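The block underneath contains the structure these notes are about, expressed in structure tokens.
The values are calculated or read from the model by the stated rules, or taken from the named source; none is laboratory data. Everything quoted here is computed from the prediction, not taken from an experiment. Reconstructed Cβ throughout: ideal geometry from the backbone, glycine too, with neighbour counts over all protein chains shown. Protein only, heavy atoms only, side chains kept; ligands, DNA and RNA dropped before computing areas. Shrake-Rupley method; radii C 1.70, N 1.55, O 1.52, S 1.80 Å.
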Amino acid sequence: MLKHINLGKFSTWLALFSGLLAAAAVILHRMEAVGFQIALPGLAISALSGLIAALLGIVGLFIAMYRRRSALSSLTGSLSGFIVAMPTVFTMLAASDLPRIHDISTDLNNPPRFKAIPSLRKATDNPLDRLTPDNLAQLQQSGYPDLKPLQLDRPVSVVFEQALQLVKSHGWNIATASADQGIIEATATTPVMAFKDDIIIRVQRNGEFTQVDMRSVSRVGVSDLGANAARIHDFINDLKELNN
């Protein structure tokens, strides 16, 4: 049986390994040295080893308390393991009830169509045809029933300019912006893993109102963990507040 001091040290070293693995996965992916197919499993392994380190640290802590010896290494290993594992674990848990889709649109009947963005994408990126899965619209309605077009009682030109300024404020890379067509196409880069998500915003007249539709699509991965829907929701809310 391992002595408590050895168990505590092992949990600390395992937590350190978990942190280094997570950092390597993020940095190498951001540098485009490895693809998401390697980076994401790396984060999953990091989270798992972090949890194991945390549990071993807890066991070592109880052993140290029972034997009335120093529990510092066990406490360090346990806390470090939790710190490393929790971001990935919480993200996975938060997305566990969300549909495994990555193409989200406020208009399911006539989604805005990209024209400038396709030339910036790789052949291996997710397609933009919305054919997979075949029940994409139903899955979106089930997972994000609150997403819908925004209608404003303002001129199209005013709303378009507001939308364009919001896009710039978010730091998204604009591929094209046409006031005449009422179209803005841009790419957002996620802050940690630097995943690229493509965005199109359509501003047009619909009866007495100006209607704003938005579509956000992840270039890689089957599931976006809710990122695209959250982006659309936040953008629509920001635009709505500008007109209140």
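Looking at S169, is it open to solvent by 20 Å² or more (accessible area, probe 1.4 Å), more than 23 Å from D129 (Cβ to Cβ) and at pLDDT 95 or above? Don't jump to the end; show me each part of the working.
Details: open to solvent by 20 Å² or more (accessible area, probe 1.4 Å): yes; more than 23 Å from D129 (Cβ to Cβ): yes; at pLDDT 95 or above: yes.
Considered against the rule, which asks whether it is open to solvent by 20 Å² or more (accessible area, probe 1.4 Å), more than 23 Å from D129 (Cβ to Cβ) and at pLDDT 95 or above, S169 comes out as yes.
Within the span defined as segment 172-183, one or more residues are aromatic (F, W, Y), modelled with pLDDT of 95 or more and either closer than 23 Å to G35 by Cα or open to solvent by 50 Å² or more (accessible area, probe 1.4 Å) (or both).
Out of V217, V222, one residue alone is under 14 Å from the mean Cα position of the chain (by Cα) and not in a strand (DSSP E or B). It is V222.
Restricted to segment 50-67, and to residues there that are buried (at least 21 other Cβ atoms within 10 Å of the Cβ) and either in contact with a His (Cβ under 6 Å, 6 or more places away or on another chain) or not assigned by the TED database to the domain that holds S11 (or both), the residue that is farthest from A22 (Cα to Cα) is A64. When we screen P149, P145, P133 for residues that are open to solvent by 60 Å² or more (accessible area, probe 1.4 Å) and either modelled with pLDDT under 95 or not β-branched (V, I, T) (or both), the only hit is P145.
Where strands (runs of 3 or more DSSP E) sit wholly within segment 135-191, those with at least 1 residues that are closer than 15 Å to F114 by Cβ and free of Cβ contacts under 8 Å to residues at least 12 places away in the same chain occupy 173-178. Quick check: is even one residue across segment 198-206 under 24 Å from D146 (Cα atoms) and without any contact (Cβ under 8 Å) to a residue 24 or more places away in the chain? Among the residues of segment 198-206, not one is under 24 Å from D146 (Cα atoms) and without any contact (Cβ under 8 Å) to a residue 24 or more places away in the chain, which makes the answer no.
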